[in-house]
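Here is the structure we will look at.
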Amino acid sequence: MDEITAAQESLQLVRRDLGLEEDMSLEGAADPDERLYSWLEKRIRNLLDHDFNGLLNALYRVDIPEEQLKQLLSLTP
């Protein structure tokens, strides 16, 4: 599996699990993983700022342990 295919599969899983409908392509990206990471970071920041419950639901769906989430949230303002 090449780098673009792996990144595209990851993108599809992230879209499904976070309920994101936004169209985004990794085609032609010099570094598909970095492009995916940057896109995902922006989406998570948006959820933090505007739909915290939606973010918590998404993290629950991808099975982030509650204790780990509490620890991470206690470290950030």
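The values are calculated or read from the model by the stated rules, or taken from the named source; none is laboratory data. All of these numbers come straight from a predicted model, not from anything done at the bench. FYI the Cβ positions are ideal-geometry reconstructions off the backbone, even for glycines, and counts take in every protein chain you see.
Taking only pairs six or more apart or across chains, which ones have beta-carbon atoms under 8 Å, a first residue in region 14-32 that is basic (K, R), and a second residue that is exposed (fewer than 15 other Cβ atoms within 10 Å of the Cβ)?
R15/E21; R15/E22
Conditions (1) at pLDDT below 85; (2) among the hydroxyl-bearing types (S, T, Y); (3) in a helix (DSSP H, G or I), marked per residue:
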residue	(1), (2), (3)
L36	no, no, yes
L40	no, no, yes
L48	no, no, yes
G54	no, no, yes
N57	no, no, yes
E67	no, no, yes
K70	no, no, yes
S74	no, yes, yes
P77	yes, no, no
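When only residues in region 8-24 that are loosely packed, with under 11 Cβ neighbours inside 10 Å and over 11 Å from the mean Cα position of the chain (by Cα) count, which is modelled with the lowest pLDDT?
Only one residue fits best here, namely E22.
Would you mention how many residues in region 1-34 are outside any helix (DSSP H, G or I) and closer than 18 Å to D63 by Cα?
Here the count works out to 2.
Pairs needed: first member in region 52-77, closer than 15 Å to L20 by Cβ; second member anywhere, modelled with pLDDT under 85 and assigned to a loop (DSSP other than H, G, I, E, B); C-beta distance under 7 Å; at least 6 residues apart or different chains.
From residues that are closer than 15 Å to L20 by Cβ, the pairs are A58/G19.
Among the numbered criteria (1) surrounded by 13 or more Cβ atoms within 10 Å (Cβ to Cβ); (2) at positive phi; (3) not aliphatic (A, V, I, L, M), which one does G28 miss?
(1)
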